[in-house]
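Colleague: Quick one: the structure is below, questions incoming.
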Amino acid sequence: GHGCDSWLDRLERALSATPIDAELELAWVDISEERLSQSPAEVNAYLKQLRDEILARRAGAEATLQPLNRVRTIFIGPGAAGKTSLIRALHGEDVVEGDQEQTHGTDLTESGRIEIEAAADIFELEHPDAGITVHFWDFGGQVMAHATHQFFLRSRCLYVLVLDCADERAGRERRNADAEAEYWLEHVKAYGDSSPVMIVGGKCDLKHKVNVDLSRLQRKFPNVVGFYPVSATGAKSDYKPEFDSFVRDWVKQLIKLGVHAEMFSRAQFQVMERIKEAAETHDFLPFNEYEKICDEAGLEMEGPAGGQTLRDLLDKLGVIMHFPELDLLDADLLNPRWLTYGVYTILFSELCYEAGGRLKTGDVVKILETPPLPAGTNRPVVYSRSRCRIIIDAMKAFKVAYEPQPGHIIVPARLPENEPPHEFDYDGALAFQFDFKGILPRHVLPALIVDRHKEIKRLKAGRRKIDAVWEYGVILSPQWGLNAEAVVYADAHSEKKLDIRVKGNDASTYLNLLRQCVLDAVHEMRGLDFEENIRVIPQMRTDAELRRVPGGAPHWVPYDNILTAQEAGEPKFPGKDRTYYDTEKVMRIFPAVSHSPGHQIMISYSHKERKIVDALAKSVEDLGYRVWYDKSLNAASPEGFRDQIVRAIETASAVLVLWTGASVRSKWVRSEADMASDGRKLIGLKVKTRKLPKIPPPFGEDHILDHTDVEGLTRAFQTLKIRRRL
């Protein structure tokens, strides 16, 4: 019952047939995802605060909690559509045609290839009509790279999609507004789930006005609120009625989002106000300064409602940014643009293009010393030489770059697009395909390349060797003793498919690992529509089919169809042209893998500590996480024990290594710790009652938790952004 007294109190009232308290039940049910992602004790503390507040108010006492009415508006759309001008108009500024510099953005070229360019501007507005703080994010025209936007693409935000028909004076072709709208709405569907979208037809004062088939778009995308033709330059004059109509509906949508306000105590609110003041002049807030602010506000650091919990929640809400996984970032980030703009400035710099995505540390310093900062209401963003390393680490953490050796940075999305000559034989290779119906997210292949960059094959090119990686593909040869080789490639232009081809004795094991990398990259994109397909060959047909239809060619079959047949015990399943395939033959080659992001927590240990690990596994499962350790090995699996352990490490979100005298001497534990460390998912543990052994390098003795430290484990899981299954 520790940390769960609110739930126990609710259970007691239910068992005693106490009438339901509708107000309290609604308050408890309507808590945010940010709150639910915290530990059970922290959620319980918040529920208790809500309960005490309601009961105190009924008794006539003064309110002790205050709401944080804070919502995001994200402006998206093609370059030069007028997003920044619209934001200025919403701030009440006068907008003059041609006076606004274009925010670097994305243009959709004739080939269908997307060119991503620079960064996002952030504005803030206290809107008197809504009674809430509105945060504006202007994304220029860039296609969203989910990995780098994970800290502000939240479910509770309002998207404003700004379109325009090209102005002939700018020498651009007229766009098909419906096709343009669908393109961007697919991104919102994938990245923003069911967040509301307002479509704005910008520059309606020009001769060629934007016109969309709103009814058709709303049938396909029910989250579209409406269509609004506006003119930012005429917002205070000829086109004021149209602009005012948009603003009224915009405020209504913001209020809808803001009614689910987070509640904070007076001390917590005082801390937030001090943080806001600090953000006006500083980019960073050292932790000792945060502790001082909490102390002066009378807020204790420890405990489920203390300063540590508040810090975690403020990070989730986007008030601050806290990245403990970045070694050099030992302070909270107060200015979100500092990180995002730094990353984008490098990714889309001329030097990065010219270097074919291959940079040196000195190049990064050179790029960030004089970044082309946009004009905005925020103060300038400054990157000192000593802070440039943080941006590099952020690029690695967001999986948009990797560091093959110290001082060298590779950006996969900026590599040359031509596939280098190689000798991979596609004939007879296992073939798996992700067919993305709406969009192929641009971050997926770079994320896989970054994840597996140590496995990139080296090719002979004359007298030298080169890495077998290009903008749209990679050839991989796995480590850890697996006998396999794979090619992963994406369609560079119109099609929305990602293909995986694998050969070798351990091809099925490696295929599953690569498949899991893709699933990990998209598992938070709840609105993303895709289908997994397997290429079946004539030899996989049933015996009767082989006799009836000789020959034939390979073709694609939905993976779900095969899994369904296997789970139902069906000996065969239908393929193309009324042919049937043997379920057992197919699954012998493509063993079933869960569609979940894998076992969340894997435990590595010496067998001498089995009793301790059994208890550890139970305590982690009680926290709401899935656990795997060698107790779960399947002797009947077509994979050997070694391959199952490798796959468990690869698919885990975290690997707990229990360091004892026996595990330090175990080559298997050290090998598993090495794999986990490479994947930035290692959490070291020690037995509280024993002296900590000398841990082998490079794992060190820092940040080793007691195996019974439940709160420490919970925070470690939160740092790795691992969601509980509850």
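Colleague: Kindly provide the set of residues from the range 380-393 that are in contact with a Phe, Trp or Tyr (Cβ under 8 Å, 6 or more places away or on another chain) and either among the charged types (D, E, K, R) or modelled with pLDDT under 85 (or both), ordered by number.
Modeller: Result: Val381, single match.
Colleague: Any residue that is in contact (Cβ under 8 Å) with a residue 12 or more places away in the chain, crowded, with 19+ Cβ neighbours inside 10 Å and among the polar types (S, T, N, Q) - is there at least one of those in the range 263-279?
Modeller: Within the range 263-279, one or more residues are in contact (Cβ under 8 Å) with a residue 12 or more places away in the chain, crowded, with 19+ Cβ neighbours inside 10 Å and among the polar types (S, T, N, Q).
Colleague: Could you tell me which residue of the range 659-681 is modelled with the lowest pLDDT, considering only residues that are crowded, with 22+ Cβ neighbours inside 10 Å and of a type in the set (A, V, I, L, M, F, W, C)?
Modeller: Selected residue: Ala676.
Colleague: Separate question: Looking at the range 283-318, which of its residues are of a type in the set (Val, Ile, Thr) and over 29 Å from the mean Cα position of the chain (by Cα)?
Modeller: Across the range 283-318, the qualifying residue is only Ile293.
Colleague: Then there's this: May I ask you to verify whether Leu685 is in contact (Cβ under 8 Å) with a residue 40 or more places away in the chain, in a strand (DSSP E or B) and of a type outside the set (S, T, N, Q)?
Modeller: Yes: the conditions hold for Leu685.
Colleague: If you don't mind, another one. Looking only at residues in the range 221-261 that are in contact (Cβ under 8 Å) with a residue 60 or more places away in the chain, hydrophobic (A, V, I, L, M, F, W, C) and in a helix (DSSP H, G or I), which one is farthest from Lys189 (Cα to Cα)?
Modeller: So, considering only residues that are in contact (Cβ under 8 Å) with a residue 60 or more places away in the chain, hydrophobic (A, V, I, L, M, F, W, C) and in a helix (DSSP H, G or I), the one farthest from Lys189 (Cα to Cα) is Phe243.
Colleague: List every residue pair whose Cβ atoms lie under 6 Å apart, where the two residues are 6 or more positions apart in sequence or sit on different chains, the first residue falls within the range 4-15 and is of a type outside the set (Val, Ile, Thr) and open to solvent by less than 90 Å² (accessible area, probe 1.4 Å), and the second residue, located anywhere, is part of a helix (DSSP H, G or I) and at pLDDT 70 or above.
Modeller: Note: pairs meeting the criteria are Cys4/Asn44; Ser6/Asn44; Ser6/Leu47; Ser6/Lys48.
Colleague: Same structure again: Would you pick out the residues in the range 422-446 that are closer than 17 Å to Ile475 by Cβ and assigned to a helix (DSSP H, G or I)?
Modeller: Hits for the range 422-446 are Leu445, Pro446.
Colleague: Can I ask one more? Could you please find all residues in the range 541-560 being part of a helix (DSSP H, G or I), under 39 Å from the mean Cα position of the chain (by Cα) and surrounded by fewer than 16 Cβ atoms within 10 Å (Cβ to Cβ)?
Modeller: Asp560
Colleague: Also: Hey, among Met263, Met301, Met321, which residue is within 29 Å of Lys48 (Cβ to Cβ), aliphatic (A, V, I, L, M) and in contact with a Phe, Trp or Tyr (Cβ under 7 Å, 6 or more places away or on another chain)?
Modeller: None of the other options fit; the residue is Met321.
Colleague: Filter the range 505-540 for residues that are within 20 Å of Asp560 (Cβ to Cβ), more than 18 Å from the chain's Cα centre (by Cα) and either outside any helix (DSSP H, G or I) or of a type in the set (Val, Ile, Thr) (or both) and give the result.
Modeller: Once the filter is applied, which keeps residues that are within 20 Å of Asp560 (Cβ to Cβ), more than 18 Å from the chain's Cα centre (by Cα) and either outside any helix (DSSP H, G or I) or of a type in the set (Val, Ile, Thr) (or both), the range 505-540 yields Glu531, Glu532, Asn533, Ile534, Arg535, Val536, Ile537.
Colleague: Can you name the residue in the range 57-80 that is charged (D, E, K, R) and either open to solvent by 60 Å² or more (accessible area, probe 1.4 Å) or outside any strand (DSSP E or B) (or both) and, of all such residues, is nearest to Met198 (Cα to Cα)?
Modeller: From the range 57-80, those charged (D, E, K, R) are 57-58, 62, 70, 72; that's our starting set.
In the following step, the residues that additionally are either open to solvent by 60 Å² or more (accessible area, probe 1.4 Å) or outside any strand (DSSP E or B) (or both) were identified as 57-58, 62, 70.
Numbers: Arg57: 38, Arg58: 40, Glu62: 39, Arg70: 19 Å.
Only one residue fits best here, namely Arg70.
Colleague: Let me ask something else about it. Answer yes or no as to whether Lys203 is modelled with pLDDT of 80 or more, surrounded by 17 or more Cβ atoms within 10 Å (Cβ to Cβ), closer than 26 Å to Leu254 by Cβ and among the basic types (Lys, Arg).
Modeller: no
Colleague: Which residues, taken from the range 353-371, are over 24 Å from Glu471 (Cβ atoms), open to solvent by 60 Å² or more (accessible area, probe 1.4 Å) and either assigned to a loop (DSSP other than H, G, I, E, B) or modelled with pLDDT of 90 or more (or both)?
Modeller: Matches in the range 353-371: Thr370 only.
Colleague: Let me ask something else about it. When you go through (1) within 17 Å of Lys437 (Cβ to Cβ); (2) without any contact (Cβ under 8 Å) to a residue 12 or more places away in the chain one by one for Thr564, which number turns out not to apply?
Modeller: Against the list (1) within 17 Å of Lys437 (Cβ to Cβ); (2) without any contact (Cβ under 8 Å) to a residue 12 or more places away in the chain, Thr564 comes up short only on (1).
Colleague: Let me ask you something else. Kindly indicate the residue of the range 382-400 that is small (Gly, Ala, Ser) and within 14 Å of the chain's Cα centre (by Cα) and also farthest from Cys352 (Cα to Cα) among those meeting that condition.
Modeller: Only one residue fits best here, namely Ala397.
Colleague: On to the next question. Mind listing whichever residues of the range 647-658 are of a type in the set (Val, Ile, Thr) and modelled with pLDDT of 85 or more?
Modeller: Selection gives Val655, Val657.
Colleague: Ala17: on the phi > 0 side of the Ramachandran plot and not in a helix (DSSP H, G or I), yes or no?
Modeller: So Ala17 passes the test.
Colleague: Only residues in the range 291-311 that are loosely packed, with under 14 Cβ neighbours inside 10 Å count as the first member; pair them with residues that are not charged (D, E, K, R), Cβ under 7 angstrom, at least 6 apart or cross-chain, and list the lot.
Modeller: Sorted first by the residue in the range 291-311, then by its partner, the pairs are Gly298/Ala267; Glu300/Gly306; Glu300/Gly307; Glu302/Gln308.
Colleague: Taking the range 377-410 only, how many residues are open to solvent by 10 Å² or more (accessible area, probe 1.4 Å) and within 20 Å of His282 (Cβ to Cβ)?
Modeller: Number satisfying all stated conditions: 11.
Colleague: Quick check on the range 315-337. Is at least one of its residues assigned to a helix (DSSP H, G or I), aliphatic (A, V, I, L, M), in contact with a strand residue (DSSP E or B) (Cβ under 9 Å, 6 or more places away or on another chain) and modelled with pLDDT of 75 or more?
Modeller: No, the range 315-337 has no match at all.
Colleague: Still on this model: Here is a list of conditions, (1) at pLDDT 80 or above; (2) over 30 Å from Asp94 (Cβ atoms); (3) touching a strand residue (DSSP E or B) at 6+ places or on another chain (Cβ under 8 Å); (4) not aromatic (Phe, Trp, Tyr), and Ile76 meets all of them except one; can you say which number that is?
Modeller: Failed condition: (2).
Colleague: Would it be correct to say that Met540 is in contact with a helix residue (DSSP H, G or I) (Cβ under 6 Å, 6 or more places away or on another chain), more than 26 Å from Lys399 (Cβ to Cβ) and not small (Gly, Ala, Ser)?
Modeller: It is true that Met540 is in contact with a helix residue (DSSP H, G or I) (Cβ under 6 Å, 6 or more places away or on another chain), more than 26 Å from Lys399 (Cβ to Cβ) and not small (Gly, Ala, Ser).
Colleague: Moving on to the next point. Here's a check for you: in the range 207-220, which residue that is part of a helix (DSSP H, G or I) and open to solvent by 20 Å² or more (accessible area, probe 1.4 Å) is nearest to Pro78 (Cα to Cα)?
Modeller: In this case the residue turns out to be Leu214.
Colleague: Then there's this: I'd like to verify a number: residues in the range 612-630 that are in a loop (DSSP other than H, G, I, E, B) and more than 17 Å from Glu42 (Cβ to Cβ), how many?
Modeller: Residues in the range 612-630 being in a loop (DSSP other than H, G, I, E, B) and more than 17 Å from Glu42 (Cβ to Cβ): 2 in total.
Colleague: Still on this structure: Looking at the range 492-528, which of its residues are modelled with pLDDT under 85 and of a type in the set (D, E, K, R)?
Modeller: Glu495, Asp506, Asp520, Glu524, Arg526
Colleague: Ok, one more. Which residues, counting only those in the range 411-448, are open to solvent by 10 Å² or more (accessible area, probe 1.4 Å) and touching a Pro at 6+ places or on another chain (Cβ under 8 Å)?
Modeller: Ala413, Leu445, Pro446
The values are calculated or read from the model by the stated rules, or taken from the named source; none is laboratory data. None of these values were measured; they are calculated from a predicted model. When we count neighbours, we look across all protein chains shown, and the Cβ atoms used for this are built from the backbone with ideal geometry, even at glycine. These accessible areas exclude ligands, DNA and RNA; they are computed on the full protein's heavy atoms, side chains included. Shrake-Rupley method; radii C 1.70, N 1.55, O 1.52, S 1.80 Å.
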